[in-house]
Structure formats: C-alpha cells, structure tokens
Amino acid sequence: MTSSSFTSRRTALKYGLGGALSLLWAHRASAQQPAAPGTPAPAPAAPAAPPPTVVDLNAFTYDALSNAMRARAAAPWSEPPRDLPQPIADLDYDSYRRILYRRDQTIWANEPLNFHLQAYFPGFLYKDTTRLFIGDGTHFQPQVFSGANFEFLAPLDPSAFQNLQLPGVAGFRLNYPLDRPDLYDELVSFLGASYFRALGMNNRYGLSARGLAINTATAAAEEFPRFTAFYIVKPQPGQETIQIFAELEGPSLAGAYAFNVRPGVETQIDVTARLYFRGEVERLGVAPLTSMYHFGENDHNEREDFRPEVHDSDGLFILRPTGERLWRPLKNPEELALSYFGETSPRMFGLLQRDRDFSHYEDVEAHYELRPSLVIEPMGDWGRGIVQLVEIPTDSEVNDNIVVFWVPEEKPAAGSQFEFRYRMHWGYVDHMETHQAVVGATYAGLGGNAADTGTTNLRRFEINFVGGTAQNLPGDAVVVPILEVPDTARLVHSGVSRLPGGGWRLSIELEKLDASPVELRAKLSFNQRIISETWLYQWTGRP
C-alpha cells in the first residue's frame, strides 16, 4: 500500500470518522449554549451536504470519481435492477454467440486514431450491464447503444432486437494494430463483473485479470464486485496510449479505478485502485489473476489425450525485494490446494507461460504456446502481506482453476480505505531474463526401482535449470543443490547432472511420512554462489 491518505484504517478513521465526530461535537456544543433573554434562539445550522454520489460529466477528474465512490460506500448497498428487455434476458449460449458488434458501427473507425472501440451485447451470462462514457478527460458524454449497433446471425430474428434500446452493455473491447499495421487486432477486453484481459504482440487470449477479489477461497461467500461504469478518454491522432477510468461496486465496497494502456510487444497497463469499504472483508485479493492449468509434465492427465500438456500458465513467479526469484510450478490438485507466500512489498509476482515449444502442446487450434504471461509490478510500498495461490481441481480445460492475488496484512473494516498502484505486463515478458538459471521444466513421477512393479510411497522430481551464467559452466563443474525438505518427508536421494545442450538437472527422491502437504524448496550453487532461481513445490496426497 502506498503512503497516501488511503494507506491504512488508522488514516481512514482520522480523515473520515474523526472528521464527522468533530463536526458532531461542534454542533452539540453550539446547540447547548443558552439563548440571551428576549432574543430568539438561533436556527440550527443546516447539515453539511453529503459528497455527490454522481460524477459531474462536465468537470471530471479522478479525484472527483474517487469522492463519489467514497460517498457511495457510506450508503447501504442496493442491488442494481436487471432491466433487460425480455428477448435479451432469454438468450442462451447458442443464441448469444450469434450476436456480433457491427463493424460499420465501430467507434473511431473513420478517424485517424490508433484505437477502435466496440461494445459487447448484454445477455446470457452477462445480464448485469455497465455504462460507457466517452470524452476528453474532463468532459464526457454517455454512449448509448441499441440493437442497431449489432448484427444478429441466423437463426436469430434481427427484427426482435434491432429496435431495442439497451440499458447498458456487457462490456467493451479496444482494437489496435498490434501484430500488423494494416489490421486492428483486439488489444484489451473488459467483460463480466470486474474481469478483463489483454494481449502482447503475437499472443492469443489466455489468462485474465480482475479488478478485485473478495473472500476468494474462504468460508465466507465470495463476492464479485463489478465495473458499473467506464469513462474512456478519446485518444488523439498518433497517440499510443489510452486512458480508462471505472467505477467498481459491490456489497462490501465501492472503488475508483484508473487504467493507462500502452500496447506493444509487451502490453503494459498501469492501474490505480482506490477502495472504500462498507464493511469488514474476510480476505481482500488485490491485483487478482485467473488462469487455467489442466495438466503438464509434472501433473499427468488421467484420461487419454493426444496432447502432452494443456494450460494457459505453467507457473507462479515471485521476485522478492532481495532479488531472490521464486518459481512454483502449477498443478491440478485432487482437492482444493492453497499456498501462501509471505512477502514485504514484492517487486513482482505473476503467472507465466514459460513453455513456448509447440511440440509440448501439439494443439493447432488452441496454440497454448502463444498464451500471454501476466506479471504484476507493485508501485509504491505495499507493506507486509502474502501472495496467495489457489489451485482448484478441474476435469476440463474450459474451467479457470488457478487464482493468484496479493493479500495485505491489514484486513479491511467498515470505513477503511486503501489505494494500490501497480503495472501489469502482458506478453512473453522476455525482459525478465536474468543471469541466474531458471526452471525450464519440472517432471514428477513414482520413485524407487524402475523394475519394481509393486506399490511405493516414493516420489521422484526432476527439475531442469536452464539459461543464465550456469549455462556456460564446464560439464565437470561441481554444482551443489541446496534443498529444504520438511519433517513430513524423508530425502532418499539427490543429485545434479549436466543436461545435453546445456543447463543442469536436479534429481530428488523423497519418501512421504504422513498425509500432510510437503513444501519443497531447491536451488543450485557453484563456488558458494547461488546460480539459479528457487524452485518451490507442494507435494500433496497420501504417502
């Protein structure tokens, strides 16, 4: 968290509740003064007008938006009505996917701008609508949509929709000439609750982000606050960035967001989130990422599948303030798995798709090797907290079963307010290359004698460390593993071998002593210097 007035609950009380109490006591003191004989008592002072909950579209600023959302958080939550016309409310999956935004209705398509805007039709899963406003940053106009902005493919009857005025849209997307100068590709998309996703050059959509996660993987009911309005600043000719502001609303809080989007080989989005809480939240998830991991080399698929691996992301990456790099391979667990990584203002964390080899996926339709990585770079001091990883069992690649977010040490309470600033890196994130060897692959399987067909409670892990200066070490170099094995397991064997073509293979064989999860850590050293990032793994299941 930053050191602004949004830093902590103590600061919030000082400027929020404290200010209100001082006004209350001043009013009481004035009311208790006796009136002079023969003179009328002074009329009570008119109560101060509450901050406006509606943003002035002709005097817009991010601070004004923030004040409006603070005022809304001070009022009780009211579920917005769903006022979709019946033909839209009745849409099912097959019908919804036959509705497209008309190209000739694309906003800014006939202007010399680098960005085009299209809206998503409401309905099916997206019955809660959002409003779009477009302007110059100070003055905004509402963007009104109707069925005439969309194309309705057979067997839909266009006449049932074209004259309908829409109360809002499901979301929107921005297109940009990302891969080719003559083609406006989809760059970023906001659709559903507070979900959004973006692309770097030559990527295909994979993982998503959210504005916020509330009570994810807790005993409390999870909340899904949503972006209820967007204020999109029209770019100028030649401008390579676009600015978006958004209102976030939900039962527990209201928030004001600012996004600054810079497309490129690696698309960057700078985010500022100001959050105002109506009540206590069990777990606040900041900068949440959502992805899919079905199976990979360390987590084999039980059913027959021609593809060796299926995942949008293959690992969690954390860069600590000390410079230590952590890598935790993802897995598809048999039951819900939670992992916690205590940190103080981490420099980066995110979900990566490191494996870029098509032959490791063999999927000519999904092209998982082209899915973007997403790294969160906190800006300012976020203080103490944890990076939480949630892994959910799934039997299908259509389910997003991986969630990662930052949990601040301070739990939100009624009246508290926070501000978080961070930069999102979408793409291949090649800039994260380092002089240290990184984990290129993790293989896991049964341990023991390969000729033994009996049951065993031994597990073998083979970890490939590749790249960095370790790549140039001679084959006879003495590379030493540094292992941390908890008391819930026994180390049977470990060793380091040279990989063909460079890199190093760390082999570990373990015996599980009870049913508790086994948290493993490993890295390589040479001449008493660390030459690799730190490999982490959670081994679950019974011995």
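Could you please give the count of residues in segment 96-111 that are without any contact (Cβ under 8 Å) to a residue 24 or more places away in the chain and closer than 20 Å to Gln86 by Cα?
1
Scan segment 182-191 and tell me whether some residue there is out of contact with any Phe, Trp or Tyr (no Cβ under 9 Å at 6 or more places or on another chain), under 23 Å from Thr106 (Cα atoms) and of a type in the set (A, V, I, L, M).
Pass one, segment 182-191, residues out of contact with any Phe, Trp or Tyr (no Cβ under 9 Å at 6 or more places or on another chain): 182-183.
Right, trim to under 23 Å from Thr106 (Cα atoms) and you get 182-183.
Next cut, of a type in the set (A, V, I, L, M) only: 183.
Checked against the condition, which is being out of contact with any Phe, Trp or Tyr (no Cβ under 9 Å at 6 or more places or on another chain), under 23 Å from Thr106 (Cα atoms) and of a type in the set (A, V, I, L, M), segment 182-191 yields at least one hit.
List pairs: first residue in segment 325-346 and more than 21 Å from Gln436 (Cβ to Cβ) and not assigned by TED's automatic domain parsing to the domain that holds Phe465, second residue of a type in the set (Lys, Arg) and surrounded by 15 or more Cβ atoms within 10 Å (Cβ to Cβ) anywhere in the structure, Cβ distance under 9 angstrom, at least six positions apart or on different chains.
Ala337/Lys331; Ser339/Arg328; Thr344/Arg320
Collect the residues in segment 170-199 that are more than 19 Å from Phe259 (Cβ to Cβ) and of a type in the set (Ser, Thr, Tyr), keeping them in residue-number order.
Scanning segment 170-199 gives a single hit, Tyr184.
Can you say whether Pro81 is farther than 20 Å from Arg173 by Cα, not polar (S, T, N, Q) and not in a loop (DSSP other than H, G, I, E, B), as far as the supplied structure shows?
Judged against the criteria, Pro81 is not a match.
To keep it simple, each residue is scored yes or no on (1) loosely packed, with under 15 Cβ neighbours inside 10 Å; (2) more than 24 Å from Leu319 (Cβ to Cβ); (3) not hydrophobic (A, V, I, L, M, F, W, C).
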| position | (1), (2), (3) |
| --- | --- |
| Gly503 | no, no, yes |
| Leu513 | yes, yes, no |
| Glu519 | no, no, yes |
| Leu524 | no, no, no |
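Kindly establish whether Asp487 is more than 30 Å from Ala258 (Cα to Cα) and free of Cβ contacts under 8 Å to residues at least 12 places away in the same chain.
Against the criterion (more than 30 Å from Ala258 (Cα to Cα) and free of Cβ contacts under 8 Å to residues at least 12 places away in the same chain), Asp487 does not qualify.
Name the one entry in Asp305, Asp314 that is among the acidic types (Asp, Glu) and crowded, with 16+ Cβ neighbours inside 10 Å.
Checking each option against the conditions leaves just Asp314.
Looking only at segment 221-233, which residues are of a type in the set (Asp, Glu) and in a loop (DSSP other than H, G, I, E, B)?
Scanning segment 221-233 gives a single hit, Glu222.
State which residue is modelled with the lowest pLDDT when the search covers only segment 418-439 and only residues that are surrounded by 18 or more Cβ atoms within 10 Å (Cβ to Cβ) and either β-branched (Val, Ile, Thr) or over 23 Å from Phe405 (Cα atoms) (or both).
The qualifying residue modelled with the lowest pLDDT is Val429.
Tell me, which strands (runs of 3 or more DSSP E) lie completely within segment 97-156 with 2 or more residues that are under 30 Å from the mean Cα position of the chain (by Cα), of a type outside the set (Phe, Trp, Tyr) and under 19 Å from Val188 (Cα atoms)?
Working: elements: 99-101, 116-120, 131-135, 140-143, 150-152.
Once the strands (runs of 3 or more DSSP E) in segment 97-156 are filtered for at least 2 residues that are under 30 Å from the mean Cα position of the chain (by Cα), of a type outside the set (Phe, Trp, Tyr) and under 19 Å from Val188 (Cα atoms), what remains is 116-120, 131-135.
Testing Tyr195 on (1) touching a Lys or Arg at 6+ places or on another chain (Cβ under 9 Å); (2) farther than 24 Å from Arg226 by Cα, one condition comes back false. Which one is that?
Tallying (1) touching a Lys or Arg at 6+ places or on another chain (Cβ under 9 Å); (2) farther than 24 Å from Arg226 by Cα, Tyr195 fails exactly one: (2).
Does Gly415 satisfy the condition of being at pLDDT 90 or above and over 26 Å from Leu330 (Cα atoms)?
When the stated conditions are applied, Gly415 passes them.
Could you please let me know if Ser291 is crowded, with 20+ Cβ neighbours inside 10 Å, at pLDDT 95 or above and of a type in the set (Gly, Ala, Ser)?
Yes: the conditions hold for Ser291.
Considering each of Asn472, Asn464 in turn, give the residue that is modelled with pLDDT of 95 or more and polar (S, T, N, Q). Show your work before the answer.
Values: Asn472 fails: modelled with pLDDT of 95 or more.
Matching residue, one of Asn472, Asn464: Asn464.
Would it be correct to say that Pro346 is surrounded by 18 or more Cβ atoms within 10 Å (Cβ to Cβ) and farther than 19 Å from Leu207 by Cα?
yes
Look at segment 157-198 and say how many of its residues are in a loop (DSSP other than H, G, I, E, B) and out of contact with any strand residue (DSSP E or B) (no Cβ under 9 Å at 6 or more places or on another chain).
Residues in segment 157-198 being in a loop (DSSP other than H, G, I, E, B) and out of contact with any strand residue (DSSP E or B) (no Cβ under 9 Å at 6 or more places or on another chain): 3 in total.
A quick yes/no check of all residues on (1) among the basic types (Lys, Arg); (2) touching a Gly at 6+ places or on another chain (Cβ under 9 Å):
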residue	(1), (2)
Tyr184	no, no
Gly192	no, yes
Gly200	no, yes
Leu212	no, yes
Thr218	no, no
Arg226	yes, yes
Ile232	no, yes
Pro237	no, no
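Has segment 528-538 got at least one residue that is surrounded by 15 or more Cβ atoms within 10 Å (Cβ to Cβ), among the hydroxyl-bearing types (Ser, Thr, Tyr), outside any strand (DSSP E or B) and touching a Pro at 6+ places or on another chain (Cβ under 9 Å)? I'd like the intermediate steps shown before the answer.
First pass over segment 528-538, keeping only residues surrounded by 15 or more Cβ atoms within 10 Å (Cβ to Cβ): 530-538.
Next, only the ones that are among the hydroxyl-bearing types (Ser, Thr, Tyr) stay: 532, 534, 537.
Cutting the leftovers down to outside any strand (DSSP E or B) gives us none.
So far as segment 528-538 goes, no, none of its residues is surrounded by 15 or more Cβ atoms within 10 Å (Cβ to Cβ), among the hydroxyl-bearing types (Ser, Thr, Tyr), outside any strand (DSSP E or B) and touching a Pro at 6+ places or on another chain (Cβ under 9 Å).
For segment 115-123, indicate whether the set of residues that are in contact with a Gly (Cβ under 6 Å, 6 or more places away or on another chain), closer than 18 Å to Ala229 by Cα and modelled with pLDDT of 95 or more is non-empty.
Checking segment 115-123: at least one residue is in contact with a Gly (Cβ under 6 Å, 6 or more places away or on another chain), closer than 18 Å to Ala229 by Cα and modelled with pLDDT of 95 or more.
In this structure, does Phe295 turn out to be within 21 Å of the chain's Cα centre (by Cα), within 19 Å of Val439 (Cα to Cα) and either free of Cβ contacts under 8 Å to residues at least 12 places away in the same chain or not assigned by TED's automatic domain parsing to the domain that holds Leu524 (or both)?
no
The values are calculated or read from the model by the stated rules, or taken from the named source; none is laboratory data. Computed from a predicted model, the values in this text were never measured in an experiment. For neighbour counting, all protein chains shown are included, and Cβ atoms are generated from backbone atoms with ideal geometry for every residue, glycine included.
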